[in-house]
1. So, of the residues in region 51-107 that are acidic (Asp, Glu) and assigned to a helix (DSSP H, G or I), which turns out to be farthest from the chain's Cα centre (by Cα)?
2. So which residues in region 187-222 are open to solvent by less than 50 Å² (accessible area, probe 1.4 Å), over 20 Å from the mean Cα position of the chain (by Cα) and in contact (Cβ under 8 Å) with a residue 40 or more places away in the chain, if there are any at all?
3. If we keep just the residues of region 162-185 that are of a type in the set (S, T, N, Q) and under 18 Å from ALA126 (Cβ atoms), which is surrounded by the fewest Cβ atoms within 10 Å (Cβ to Cβ)?
4. If the requirement is being at positive phi and in contact (Cβ under 8 Å) with a residue 12 or more places away in the chain, which of these qualifies: LYS38, LYS54?
5. Please go through (1) surrounded by fewer than 17 Cβ atoms within 10 Å (Cβ to Cβ); (2) more than 26 Å from LEU161 (Cα to Cα); (3) in contact (Cβ under 8 Å) with a residue 24 or more places away in the chain for GLU49 and return the number of the only condition it doesn't satisfy.
6. Give me the pairs: first residue in region 77-91 and under 14 Å from ARG41 (Cα atoms), second residue outside any helix (DSSP H, G or I), beta-carbon distance under 8 Å, and six or more apart or on different chains, which are they?
7. Name the residue that is nearest to VAL220 (Cα to Cα), counting only residues in region 167-190 that are touching a Phe, Trp or Tyr at 6+ places or on another chain (Cβ under 9 Å) and modelled with pLDDT of 95 or more.
8. Starting from residues that are among the aromatic types (Phe, Trp, Tyr) and in contact with a Cys (Cβ under 8 Å, 6 or more places away or on another chain), keep the ones in region 52-84 and report whichever is least open to solvent (accessible area, probe 1.4 Å).
Amino acid sequence: CEEALSTRREVIPNAKLDPNSLNLFSTIGRLYCHEDVKRYRDALSYFHEVHRMKCEVAGREHLDVVPSLNSIAFIYNQLGDYKKCIVISDRAIDIATNGRGLNKETCVAYANRGDAHRNLEDYDKAVTTYEMALETQEKCLEENDMMNAEVHEKLAETYLLSNDMERAVASMKDSMGVKRSTLGPDSEELARSYSKLGEFYKRSGEYPSSIKYHTRALRVFKHHDRKEM
């Protein structure tokens with residue numbers, strides 16, 4: 001990708017006029033962010049460049065700049081600069097909600113901000129932000145969108161960290177409900193949630209429930225093992 005980008009720069013020096021160059025910047029940034037790579041500082045420079053170009057083309061207040069802001073906020077969170085993540089997420093939320101209608105990028109911005117508050121151990125603000133994300137998602141996403149499952153799970157983990165076990169379990173079950181309806185009952189992703197819920201129950205001393213959900217997870221994983229043989 002970097003070689004392709006270099007070649008396009010030679011042919012088309014003004015990258016902001018070339019949508020393919022913009023796509024290459026974004027692709028390289030995403031590849032550096034991949035869980036098998038995690039070169040976040042390298043990714044950051046590419047997403048800053050994407051954001052700069054989008055600002056030049058569309059304007060700093062345009063909805064088109066929100067995805068790049070969200071990518072930058074995510075990276076700062078991964079780098080441990082949680083306060084900067086919050087500032088950039090707030091900027092993305094301001095642009096996305098300023099009379100332009102709600103969309104998925106608004107939800108991403110709330111989720112990024114919630115993650116940063118959680119990492120700062122400000123659990124009350126994290127919970128409030130995740131709840132705002134879910135309220136926004138109700139307005140602009142389908143009920144079975146996997147982002148609903150993701151935010152419910154983030155909320156569950158935050159409740160767990162603040163020792164609110166009842167709400168942690170309820171939020172995890174909400175997440176599982178979305179996964180079950182979207183991915184099916186034999187999904188490995190759902191099995192991982194079963195296992196996580198089993199750990200929640202173990203932590204609260206509810207061992208029969210813990211065994212129940214760990215057993216469900218095991219059955220799904222065994223089912224997939226047989227299919228792969």
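1. Checked region 51-107; the qualifying residue farthest from the chain's Cα centre (by Cα) is GLU56.
2. Answer for region 187-222, where residues must be open to solvent by less than 50 Å² (accessible area, probe 1.4 Å), over 20 Å from the mean Cα position of the chain (by Cα) and in contact (Cβ under 8 Å) with a residue 40 or more places away in the chain: just PHE200.
3. Top of the filtered list is ASN163.
4. Just one listed residue meets the conditions, LYS38.
5. All conditions pass for GLU49, except number (1).
6. Between residues of region 77-91 that are under 14 Å from ARG41 (Cα atoms) and residues that are outside any helix (DSSP H, G or I), the close pairs are GLN78/LYS38.
7. Going through the qualifying residues, I end up with MET176.
8. Top of the filtered list is TYR76.
The values are calculated or read from the model by the stated rules, or taken from the named source; none is laboratory data. The structure presented is a predicted model; accordingly, all values stated were derived computationally and were not measured. Cβ coordinates were reconstructed from backbone atoms using ideal geometry, including for glycine residues, and neighbour counts include every protein chain displayed. When the accessible area is computed, the model is the full protein with side chains, heavy atoms only, and any ligands, DNA or RNA have been set aside. Shrake-Rupley method; radii C 1.70, N 1.55, O 1.52, S 1.80 Å.
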